[in-house]
1. Cross-link list K19/K144; K223/K252; K2/K137; K40/K221: which exceed 30 angstrom alpha carbon to alpha carbon?
2. Please get the size of the charge dipole for the chain, origin at its Cα centre, with Cβ charges of +1 on Lys and Arg and -1 on Asp and Glu, quoted in debye to the nearest 20.
3. Where in the chain are the helices, taken as whole DSSP H runs, whose Cα atoms extend 20 angstrom or more along the long axis and whose Kyte-Doolittle mean reaches at least -0.5?
4. Using a 10 Å cut-off on Cβ atoms, rank the peptides 150-158, 113-121 from the highest mean neighbour count down.
5. With Cβ to Cβ distances under 11 Å as the rule, what net charge do the other residues near P91 carry (K, R +1; D, E -1)?
6. Count the net charge of all other residues whose Cβ sits under 10 Å from the Cβ of S189, scoring Lys and Arg as +1 and Asp and Glu as -1.
7. For I136 and E70 in the same chain, what is the full-extension length gain: residue separation times 0.36 nm, less their Cα-Cα distance, in nm?
8. What are the radius of gyration and Dmax of the chain, computed over its Cα atoms and given in Å?
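Rule-based calculations on the coordinates, nothing more; no lab input. From a predicted model like this one, the values you see are computed outputs, not experimental measurements. Here the Cβ positions follow ideal geometry from the backbone for every residue, glycine too, while neighbour counts run over all protein chains shown.
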Amino acid sequence: MKYAIIGGTGVYSLGENFKEISMDTPFGRIDFTVMEKKGKEIVFLPRHGKGHGCPPHLVNYLGNMWALKEYGVEFIFSTVAVGSTRIDISPGDLVLIRDFLDFTKSRPMTFYDGANGVIHVSMGEPYCRMLCNEIIKRTNDNIKDNIVYVCTEGPRFETAAEISFYRQIGGDVVGMTNVPEVVLAKELSMCYCTVGVVTNMCTGLVSEEASGLEIISIVNKRKDYLTNLFVDILLNGDLRTDVCSCRSSLIKV
Ligand SMILES: [Zn+2]
């Protein structure tokens, strides 16, 4: 059984036993790192490529998820940096995402482009219930649950009017990278869940915008905590594939 952690901004610190892998996919070459521990393999995949070179709207989401599936990954934890639309969710908070609103515009969204008939994927439970439960068990009140993520196209930030709108339709946090990643995981029948790190208040909620340095500083403080949490769950958790809907979400017409 293989596992993966997808990270955004910042680089995870790894133990000694790891190897670098470069995999060719139909969507281009994907680089990732594999750590071996207790006879298990955990893949660390930098979403934006090595060195954070790729902006959110140009991330190779198809290649990333294809590479994980091809490598044999069954369970994925991902982290995203988010802005908050709510005054009760502050920079530094961790949020467990359970649903999303998609406002992306131009990115490739699916592996099923009609070559093998029309296939839909259910979004009744976009994020794996079993993985979310494992997180809740270990974090108690340290994470805010039942969060709705708004995905925008980027790379520009949102206007105050857009943030006001997102809040009114139920969006709790805003980011640029979780869609289509979550959808593609489901299309490939992998268990996937996402923890957001709140790095700033959204436009209009405070007068000052967060600088890049402030964002990186906040993410770094949470990075080690989340890495340890995910690795603990992957090595010691009760991970099963029969208690969620992740492997039965494809609907062929
Ligand atoms: Zn699942």
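1. Working: K19/K144 34 Å; K223/K252 39 Å; K2/K137 22 Å; K40/K221 27 Å.
In this structure, K19/K144; K223/K252 lie more than 30 Å apart at Cα.
2. Details: 26 positive and 30 negative charges, 77 e Å.
Once rounded to the nearest 20, the dipole reads 360 debye.
3. 212-236
4. Numbers: 150-158: 18.7, 113-121: 10.8.
The densest-packed peptide leads the list: 150-158, 113-121.
5. On the way: positive: K221, R222; negative: D93, E214.
Around P91, the charge tally is 0.
6. Numbers: positive: K69, K186, R247; negative: E74, E187.
Residues near S189 contribute +1 overall.
7. Details: separation 66, 0.36 × 66 = 23.76 nm, distance 2.91 nm.
Taking 0.36 nm per residue and subtracting the Cα distance, the gain is 20.8 nm.
8. Both quantities, over Cα of the chain: 17.3, 51 Å.
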